[in-house]
Amino acid sequence: MPRYLNLYGPPGSGKTRTEMQLFMRFAQQLGLERVGAITFTRAAAEELRRRIGAEVGLGGTARSLKQKIPWVGTIHSLAFKLLGASKSQIVDTQKLRQFCEELRIPHSRNSWDGPVADELDTMYPGEVSGANVREIDAMQFALSAAKHRKISLDEGMLLLPAETLQSVGPDRIAHLAERYRLWKQDQNLLDYDDLLEE
């Protein structure tokens, strides 16, 4: 029996159905509490939990299903759970705004509200193209791209639109990235890329 299985496909191709069937097969052998299923969105995780719950006769609310089927969730929520992190350790919009205020730079236009229950989705940076790009958004994009692709920050910056890189400047992005790293370290904070990396 494989320890890990990656399942990819376009919408409507049966990913959730297939994942549920595989989950049930392994859960029968190992138990619900010992099998995990990772999705990219809250909606997919809730749907998978609901289907599994119905299959095994578990009733209750979405909240109670999370407790009964603990290892089904988004990639970020499961990383959060495995790390034993608290919500106060997560860089949310409010904390990112505080960081920007400390540096006296405009905060992101990103409208992310923070963790809800134990389900976390990726905090996407704001717009990184156009005339009014914010430094924080350009920095977050370059830093996230570098981490996800396992490349240097300089290479991550090259993935920004040319006008953004020219407007904000690579030295400024590198400076902000270092300040951000130190700020997270001093505050004992994790952002979403950190959750995945840790």
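The values are calculated or read from the model by the stated rules, or taken from the named source; none is laboratory data. Note that this is a predicted model, so its numbers are computed, not measured. Glycine also receives a Cβ, built like all others from the backbone with ideal geometry; neighbour counts cover every protein chain displayed. We work out accessible area using only protein heavy atoms, side chains counted, and drop any ligands, DNA or RNA first. Shrake-Rupley method; radii C 1.70, N 1.55, O 1.52, S 1.80 Å.
Let me confirm something: among 90, 75, which residue is at pLDDT below 85 and under 30 Å from residue 53 (Cα atoms)?
Exactly one of 90, 75 is at pLDDT below 85 and under 30 Å from residue 53 (Cα atoms), namely 75.
Name the pairs: first residue in segment 31-58 and free of Cβ contacts under 8 Å to residues at least 12 places away in the same chain, second residue in a helix (DSSP H, G or I) and open to solvent by 70 Å² or more (accessible area, probe 1.4 Å), Cβ to Cβ under 9 Å, at least 6 apart or on different chains?
58/68
Within segment 82-93, which residues are surrounded by 16 or more Cβ atoms within 10 Å (Cβ to Cβ) and either hydroxyl-bearing (Ser, Thr, Tyr) or touching a strand residue (DSSP E or B) at 6+ places or on another chain (Cβ under 8 Å) (or both)?
Once the filter is applied, which keeps residues that are surrounded by 16 or more Cβ atoms within 10 Å (Cβ to Cβ) and either hydroxyl-bearing (Ser, Thr, Tyr) or touching a strand residue (DSSP E or B) at 6+ places or on another chain (Cβ under 8 Å) (or both), segment 82-93 yields 85, 89, 90, 91.
Search segment 151-198 for residues being in a helix (DSSP H, G or I) and hydroxyl-bearing (Ser, Thr, Tyr), and hand back the single one that is most open to solvent (accessible area, probe 1.4 Å).
167
Would you pick out the residues in segment 8-30 that are out of contact with any Leu (no Cβ under 7 Å at 6 or more places or on another chain), under 18 Å from residue 51 (Cβ atoms) and open to solvent by less than 70 Å² (accessible area, probe 1.4 Å)?
Within segment 8-30, 9, 13, 14, 23, 24, 26, 27 qualify.
Take segment 37-70 and flag every residue that is in contact with a helix residue (DSSP H, G or I) (Cβ under 7 Å, 6 or more places away or on another chain), under 30 Å from residue 144 (Cα atoms) and surrounded by fewer than 19 Cβ atoms within 10 Å (Cβ to Cβ).
40, 44, 46, 47, 70
Does any residue of segment 18-37 turn out to be assigned to a loop (DSSP other than H, G, I, E, B), farther than 21 Å from residue 80 by Cα and either modelled with pLDDT of 90 or more or of a type in the set (Ser, Thr, Tyr) (or both)?
No, that holds for no residue.
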